[in-house]
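S.K.: Mind looking over this structure? Questions follow.
The values are calculated or read from the model by the stated rules, or taken from the named source; none is laboratory data. Nothing here was measured: the structure is a model prediction, and the numbers come from that model. Glycine gets a Cβ as well: all are built from the backbone with ideal geometry, and neighbour counts include every protein chain shown. Accessible surface is based on the protein model in full, side chains and every heavy atom, while ligands, DNA and RNA are left aside. Shrake-Rupley method; radii C 1.70, N 1.55, O 1.52, S 1.80 Å.
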Amino acid sequence: MPKFYLFLLFLFWGCKSKHIDITTTESHTPPDHHFSLSGESNASNVPFFQSIIKINGLDSLVSRALLKNPDWKVQLAKVELVRVKSGLPTADSEPKLNAQLGFKEGKENTRESGFVEQSIPNWQTGALFDWEIDLWGKWKLLKKSSILHIQEAEYLKEASKLTFIHEIARSWLLICALKEEMQILEEATASQKKSLVFYGQRVQAGLDNNTTYVRQKIALEQIKLEQSKVFRLFETAKIRLCSLLGNPLQAELPEIIKLSDMEIPSLPEIFPTRALKNLPHLKVKEAKLKESLLLKKSSQYDLYPSLSFRASGISMSSDLSTPFKQWKASFGPVLNLPIWSPKKKIARKAAFSQAELYKDEWNASINLAIEEIELATKSFIMSQNEHAIASNASKEIAKVYATTLEQLQVGLISQLELLEDERQYLSIQRDELSTRLQVFQFALNLSKSLGLRWEE
């Protein structure tokens, strides 16, 4: 009896799975003061997207896209499929019961029958109950790995949602910027047409030669070419945005606001190491690594002996009305000894290699995430400086244009000089708009690299 209790104690000890150790993301990142982005000491949570980047009309677009976009529905369906399939790896750990009914013709000649040939029973029924005991904790490890696989799918969904929303924002900002640029080019075209009329009059009056007039005409064609390019980009950007909303041919969009009327994004005050711990695509890699370590551990137990409890029964008869004319039943523990299994050995080596691969991928992802945060931070700060320069130039040329207009009104200069200043003013406006869009684009890059989620 003491030996029996010792055996049970051994079984329970074996069934307890070992804890899987893994270093944290934080241990792989440099200190916060090495980053260009600084945070607030009292900030406990990562800020939401809307608190950093305020974009008019984006709320309704995101809500519609999350409701109707087919690709997003595919992502949700993938998560549900992972949930359903999560029980497959551990299905064999549950008790199994099989029953069968068969009909066959034949004869037998056995020692028990005195070597007299006789017909065997035609009908045979049977049942088999089999339950593998988790002797070493293999099934517990596989169940934990299934849970991690579901978490991995959820993190992947979060990462896809993060990318999806930032892509919608990027498309919408581009549309707003292109619409405003088309308005500037319309004004530039009208100004150049006025200039062309004046140069035509000068040529007719003999005050200028035809070459100057042709140059102005070529300048008008160049502006028209720019108009055509911007309009093409505008129309294709609308198609892309409508596709994100669920229908590439859908033309219903919110009122397009001028980009210059939108508030410039602010630099988020968050410690990068805190953001890195919440990045969904890093959580995907971490969950995948933890899952592979559990599978690596469980693959070792595939080469260990396994213990099952098995019960079976067989009934044979030539008449279904008397089914138990011949029968036999058995039950008891069965110890399986895998003496030689090349397939299991290869699977074990593959599990070890897979774990090492996922570990390297995880480290590489952390390194890339750090790079993306630093690049986005630097680019955002420097783009703000570029926009400030363009904005100052726009203000200065606006003053020059206002002075030129006053001088024209009192007859000190000609209409052509005013038109020249107007064209320069409109050109600098385009530069300012371009740098403003760049600030928003780098802000989106930074927001995505920090994993700023959308507040529902």
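S.K.: Full extension from residue 431 to residue 101: what is 0.36 nm times the residue separation minus their Cα-Cα distance, to one decimal in nm?
M.R.: Numbers: separation 330, 0.36 × 330 = 118.80 nm, distance 8.30 nm.
Stretched out fully, the residue 431 to residue 101 stretch lengthens by 110.5 nm.
S.K.: Going highest first, how would you order 216-227, 141-152, 361-372 by mean Cβ packing within 10 Å? Numbers along the way, then the final one.
M.R.: On the way: 216-227: 14.5, 141-152: 19.9, 361-372: 16.1.
Ranking, from highest mean packing down: 141-152, 361-372, 216-227.
S.K.: Using a Cα-Cα cut-off of under 20 Å, which lysines could be cross-linked to residue 107, ignoring same-chain neighbours fewer than 8 residues away?
M.R.: By straight Cα distance, residue 107 reaches 325, 328.
S.K.: Within 10 Å, count the other beta carbons around each residue, average over each peptide in 378-385, 446-453, and list them highest first. Intermediate values should be presented prior to the final figure.
M.R.: On the way: 378-385: 16.8, 446-453: 23.2.
In decreasing order of mean packing, 378-385, 446-453 become 446-453, 378-385.
S.K.: Could you sort out which of 143/343; 157/359; 78/378; 138/344; 157/344; 288/448 sit more than 25 Å apart by Cα distance in this structure?
M.R.: Details: 143/343 22 Å; 157/359 21 Å; 78/378 36 Å; 138/344 14 Å; 157/344 33 Å; 288/448 22 Å.
Long pairs (Cα-Cα over 25 Å): 78/378; 157/344.
S.K.: Nearest 0.05, what FRET efficiency do residue 201 and residue 381 give at R0 = 45 Å with Cβ-Cβ as r? Working shown, then result.
M.R.: Working: r = 50 Å, r/R0 = 1.12.
Efficiency, from the Cβ-Cβ distance: 0.35.
S.K.: Taking the Cβ-Cβ separation of residue 350 and residue 67 as r and a Förster radius of 41 Å, what is the calculated FRET efficiency to the nearest 0.05? Please report the intermediate quantities before stating the final value.
M.R.: Numbers: r = 42 Å, r/R0 = 1.02.
In this case the efficiency is close to 0.45.
S.K.: Please arrange 425, 301 by accessible surface area, largest first, computed with a 1.4 Å probe and ligands excluded.
M.R.: 425, 301
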